[in-house]
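To start, the structure itself, in structure tokens.
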Amino acid sequence: MELLEERIKQDGQALSEHVLKVDSFLNHQIDPKLMQEIGKEFASRFSNESITKIVTIESSGIAPAVMAGLYLNVPVVFARKRKSLTLSEGLLTASVHSFTKNETNEISISKKYVNEDDNVLIIDDFLANGQAALGLIEIVKKSGAHVAGIGIVIEKSFQDGAEKLKELGIRVESLAQIAALSNGKVIFKPEKAEELI
Ligand code: G4P
């Protein structure tokens, strides 16, 4: 997605060979117009999948997921990383280990909002090692719902998350794919020849 790549080039900061900082439009301050375009793009890519629900994870997945939900006209459920005061019964949980942060979170969603009648699109802001996405797949499957695919705003293609998900036979749509972060520069993966025709 060109608009997103341009924004990453303009405002993204490669903090190291592994970490991209995008807190001016995605991870802290949020650009609603850009999120709207991102939501539209996800909706268009998954328009033929009969999606009934979007599942994401707090906090940075929520903005792009809500915009996709707006365009697909479906509700959005976000997995919580911490226990909620009002949400304690009928929870589906999975354990998610972050290699980046070296911490493990128990993530949860309520059975009430995702069930076997649902065809779920999972959305997240970043795809690195795929642990968050795998945890979300696990809880969606526990609910009995079907995972129709995964939409990612920024995929770090030099880490193995996308490969792991594709090996599971899951459709992954990433709006920006980063091949490398090198000397403070962001290098995008070239688009596949057939996508350019
Ligand atoms: P994984 O789920 O793909 O295995 O990713 P990992 O454990 O490495 O990432 C943990 C957190 O760090 C996630 O956010 C993820 O989105 C974020 N992250 C991973 N790589 C990058 C990066 O290069 N840049 C930025 N900005 N974030 C990255 P989180 O802890 O859940 O944060 P939030 O959603 O509450 O903002």
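Here are the numbers for this structure:
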quantity	calculated
Heavy-atom accessible area order for 147, 19, largest first, 1.4 Å probe	19, 147
Long-range amide H partners of residue 149 with built H, under 5 Å	122
Antiparallel DSSP beta bridges within the chain, as percent of all bridges there, nearest 5	40
Candidate residues 25, 99, 188: accessible-area rank, largest first, probe 1.4 Å	99, 188, 25
Dipole magnitude of the range 2-191, debye to nearest 20 (Cβ charges: Lys/Arg +1, Asp/Glu -1, about Cα centre)	380
Unsatisfied cross-links (Cα-Cα over 28 Å) in the set 81/185; 112/189; 81/166; 33/141	81/185; 112/189; 33/141
Rounded, prolate or oblate (a/c below 1.5 giving rounded, otherwise prolate when a/b exceeds b/c) for the range 2-191 by Cα gyration tensor	prolate
Accessible carbon and sulfur surface of the range 2-191 relative to its total accessible area, %, 1.4 Å	47
Cα long-axis angle, helix 62-72 against the chain (0 to 90 degrees, to the nearest 10)	80
Within straight-line cross-link reach of residue 164, aspartates and glutamates at Cα separation under 16 Å, skipping those fewer than 8 residues along the same chain	124, 138, 155, 173
Separation of alpha-carbon centers, the range 51-107 and the range 122-197, rounded to whole Å	16
Between 0 and 90°, nearest 10: helix 131-142 axis offset from the chain longest Cα axis	30
Solvent exposure, largest accessible area first (probe 1.4 Å, DNA, RNA and ligands not counted), of 86, 52	86, 52
Solvent-accessible surface (1.4 angstrom probe) belonging to residue 15, in square angstrom, nearest 10	110
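The values are calculated or read from the model by the stated rules, or taken from the named source; none is laboratory data. Predicted model only: the values in this text are computed from it and were never measured. Cβ sites come from the backbone with ideal geometry, for glycine too, and all protein chains shown count toward neighbours. In case anyone asks, the SASA skips ligands and DNA or RNA and just uses the protein heavy atoms, side chains included. Shrake-Rupley method; radii C 1.70, N 1.55, O 1.52, S 1.80 Å.
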